[in-house]
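A quick write-up on the structure given underneath.
The values are calculated or read from the model by the stated rules, or taken from the named source; none is laboratory data. Note that this is a predicted model, so its numbers are computed, not measured. Cβ atoms come from the backbone with ideal geometry, glycine included; neighbour counts cover every protein chain shown. Side chains included, ligands, DNA and RNA excluded: accessible areas come from the protein's heavy atoms. Shrake-Rupley method; radii C 1.70, N 1.55, O 1.52, S 1.80 Å.
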Amino acid sequence: MSTHDYTETDKREDVKVLHSMGYAQELERRLSRFSNFAVSFSIICILSGGINSLAQATSGAGGIGIGVGWLVGCFVSLTFAVAMSQISSAYPTAGGLYHWGSILGSRGTGWVTAWLNLLGLVTVLGAINVGTWTFFVGAFGPALHIENTLTNQTIFLIIITGGQALINHMGIKLTAKLTDFSGWLIFCGSILIGIVCLAAADTWDLSRLFTFKNYSGEAGGNVWPAVSNAWVFALGLLLPIYTITGYDASAHTSEETIKAARSVPRAMVMSVIWSAIFGLVFLVPFVLMVPDMDQAAAQGWNVFFWAFDQKVGSGIKELVYLVVLLAQLLCGLATVTSASRMIFAFSRDGGLPASTALSKVSPKYRTPVAAIWTSAVLSVLFVWGSSLVSVAGTSAYTIVVSCTVIFLFLSFTIPIVLGMMAWGTPKWDKMGPWNLGRGVYMLFGVLSVLSMILIFVIGIQPPNDWALYITVGFFILTAIVWFAMENGRFRGPPMGEIIAARQAAIAAAEKAVGERH
């Protein structure tokens, strides 16, 4: 569905739904169904996580980590996307998960969901751009004589994160064009890598994809500590699970998407499915290309560059690196979009310090400018500050990043579980046009809970065991803050009579940004 098919009637219907939830159409509806899909597809970015975290599989259980583990992990992520799609159709708002957690549960559950999602998004933005830096240094550092130092990393992060924020600042139209391009780039880049790897492979030994070998410990470059066979396969699932996340961006950009109640849920689900498919398009050929799986495992985190150095000639190799680098830069761009909309939505309801400023929308660009720059600055400060601190010999950055995906998936799980309890009650008695039915939703809700347990259990294993203490500490701290301070202050999203009372304020807010409908 393109913006050319978007009629005035469609627009009025989108605005009517937004008004019914107590919010003004301050952001500009520019995203087509494909554009909404492309935002999530770009954040997932299989050319980022699928490459930078590749050693989690190759230095874990070997080829089977791709041939079987990739599909298992992608299905784990899909369970959340399917369940959330049902809710997103009923409540298509920016900062969707926070809103869902509040409506389907309470002010408290919405507040906790918001903080889990917000912390996850800001830290994952930092981690994505650090991954881009690591790839840049690995691909071009030797030729450019650039070393991997904290100073160089910080300068690089300031430049690219600032650029990503500036593009977001200048309007959703420009951002959408770039994320649309990013979507096609990921498709084409995956095919390019797949063709290059197949052409460079000595043989196409498909048995590698189903061959298990325990490479934990020294054999795998110490990517994982020495563990049992069952654990090493489970740990390898973190490659697809950590890669296939961020699709909540489709919900966060709901208020900028045409026919959001239909477009958002479809985009959310399809971004996961296409990422799973095109991940295989280049990961399977990569496994077939490597000269020797034992040698590949021993390379640890350097496996991608090692394999290309071994098998791919100069020129083609640099072309692949440029495509991957550009895709990773655009991944960060889309993540700024998602994180800033979460900050905007939470601030709109008074959930953050300086909420009045953070919820302001630029009349010229129709974007939440303060929220955009805040997300960018916080992500850089997080990486810089946490890289300077060590806990028991481990960088604080590494410890916090190990919690990032746990936090994100917990922010998915809370509204899903609340939806299971609220289905058919006054809290959720009206479904959106994307309606899976009670049975399918409950099935994927249960699968999501089981998947969350799996993610948490494998996510706190060594070397990420600090994630357990941080997660428990987070819930203790939020409980203290909520009952001591926020419970008496934070009102949550508008509901009931408050929505009716806000209609004049909604009209004024829309007039201030030049919205006409």
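Here are a few things to note about the model shown:
- Taken over the range 478-496, the criterion of being in a helix (DSSP H, G or I) and closer than 11 Å to Ser20 by Cα is satisfied by no residue.
- Cβ-Cβ under 9 Å pairs, at least 6 apart or on other chains, the range 109-132 side within 16 Å of Val481 (Cβ to Cβ), far side of a type in the set (D, E, K, R) and in a helix (DSSP H, G or I): Trp111/Glu486
- Restricting the first member to the range 490-502 and to residues that are of a type in the set (Lys, Arg), and the second to residues that are in a loop (DSSP other than H, G, I, E, B), the beta-carbon pairs closer than 9 Å and six or more apart or on different chains are Arg491/Asp349; Arg491/Gly350; Arg502/Gly22; Arg502/Tyr23; Arg502/Ala24; Arg502/Pro494.
- One residue alone among Val17, Val39 is part of a helix (DSSP H, G or I), closer than 20 Å to Ile506 by Cα and of a type outside the set (Gly, Ala, Ser), and that residue is Val17.
- Selection status of Thr154, out of contact with any Phe, Trp or Tyr (no Cβ under 8 Å at 6 or more places or on another chain) and either modelled with pLDDT of 95 or more or assigned to a helix (DSSP H, G or I) (or both): no
- Cβ-Cβ contacts under 7 Å between residues 6 or more apart (or on different chains), taken from a first residue in the range 411-430 that is charged (D, E, K, R) to a second residue that is open to solvent by 10 Å² or more (accessible area, probe 1.4 Å) and in a helix (DSSP H, G or I), are listed as Lys427/Ile103; Lys430/Ala90.
- Being farther than 23 Å from Gly138 by Cα and touching a strand residue (DSSP E or B) at 6+ places or on another chain (Cβ under 7 Å) holds for only one residue in Ala339, Ala422, and it is Ala422.
- Residue in the range 315-338 that is among the small types (Gly, Ala, Ser) and open to solvent by 10 Å² or more (accessible area, probe 1.4 Å) present: yes
- Selected residue (criterion: farthest from Leu283 (Cα to Cα)) from residues of the range 65-96 that are of a type in the set (A, V, I, L, M) and under 17 Å from the mean Cα position of the chain (by Cα): Ala94
- Evaluation of Ile146 against (1) outside any helix (DSSP H, G or I); (2) in contact (Cβ under 8 Å) with a residue 12 or more places away in the chain (one fails), failing number: (2)
- Restricting the range 351-372 to residues that are crowded, with 18+ Cβ neighbours inside 10 Å and hydrophobic (A, V, I, L, M, F, W, C), the residue that is nearest to Lys511 (Cα to Cα): Val361
- Residues located in the range 430-473, provided they are out of contact with any strand residue (DSSP E or B) (no Cβ under 9 Å at 6 or more places or on another chain), outside any helix (DSSP H, G or I) and either over 22 Å from Met270 (Cβ atoms) or open to solvent by 70 Å² or more (accessible area, probe 1.4 Å) (or both): Lys430, Pro433, Asn435, Ile460, Gln461, Pro462, Asn464, Asp465
- Annotation note: Cβ proximity below 7 Å between a residue of the range 278-289 that is touching a residue at least 24 places away in the same chain (Cβ under 8 Å) and assigned to a helix (DSSP H, G or I) and a residue that is surrounded by 24 or more Cβ atoms within 10 Å (Cβ to Cβ) and small (Gly, Ala, Ser) (sequence gap 6+ or interchain) occurs for Phe278/Ser190; Gly279/Gly50; Val281/Ser190; Phe282/Ser190; Leu283/Gly50; Val287/Gly63.
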